[in-house]
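Dropping a structure here in structure tokens format, bear with me for questions.
The values are calculated or read from the model by the stated rules, or taken from the named source; none is laboratory data. Please read all numbers here as calculations on a predicted model, not as lab measurements. Virtual Cβ from ideal backbone geometry, glycine too; neighbours counted across all protein chains shown. Ligands, DNA and RNA are stripped out before the accessible areas are found, and what is left, the full protein with its side chains, is counted by its heavy atoms. Shrake-Rupley method; radii C 1.70, N 1.55, O 1.52, S 1.80 Å.
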Amino acid sequence: GESPVWSDRDQCLYWVSAPEEEVWRWDLVSPPYRRLVGTTLGCVVVKEGSRGSIVLGGENAILEMEMTGSTTDFATGARVLCDRPDLESTTRPNDGRVDRQGRFVFGMYNNYHRSGSSE
């Protein structure tokens, strides 16, 4: 997994599996729980708000979603917060974090840095 982040509020670890298009949540007690998002992911950060609120750096957009350990949240998928600022088809958001001022900061991953790494 990539981009692990611990949430004090939720008492769990979040991370993404980029090529599998999944975001994971684990509370260290129950088995890890995953959701398929439907786009390549580069990072996850915890969002202010209700339990399970997260922001994802997706291939084509910055997304938000609620992710609790309950299967009832499958009905609510990721929502687009904004289109990706740089729409170069050869890159995607990667390794994002929230800075001390609460801003979501991320780098860009070059999909073609090695042969066969992208479709």
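Sort 112, 33, 14 from largest to smallest accessible area, using a 1.4 Å probe on the heavy atoms of the protein chains. Before the final figure, lay out the partial values.
Details: 112 120, 33 30, 14 0 Å².
Result, largest first: 112, 33, 14.
While we're on this one: Count charges around residue 63 for me, please; just the other residues with Cβ under 14 Å from its Cβ, Lys/Arg as +1, Asp/Glu as -1.
-1
Between residue 100 and residue 60, what FRET efficiency follows from the Cβ-Cβ distance if R0 is 25 Å, with the result rounded to 0.05? List each step's numbers first, then the result.
On the way: r = 28 Å, r/R0 = 1.13.
For R0 = 25 Å, the calculated efficiency reads 0.30.
Moving on. Provide the net charge surrounding residue 26, with neighbours chosen by a C-beta distance below 12 Å and charges set as Lys +1, Arg +1, Asp -1, Glu -1.
Numbers: positive: 25, 34; negative: 10, 27.
Summing Lys/Arg as +1 and Asp/Glu as -1 gives 0.
Further question on the same structure: How much net charge surrounds residue 15 when only other residues with a Cβ under 11 Å from its Cβ are counted (Lys, Arg +1; Asp, Glu -1)? Intermediate results must be reported in sequence, preceding the final value.
Details: positive: 25, 34; negative: 2, 22.
In short, 0.
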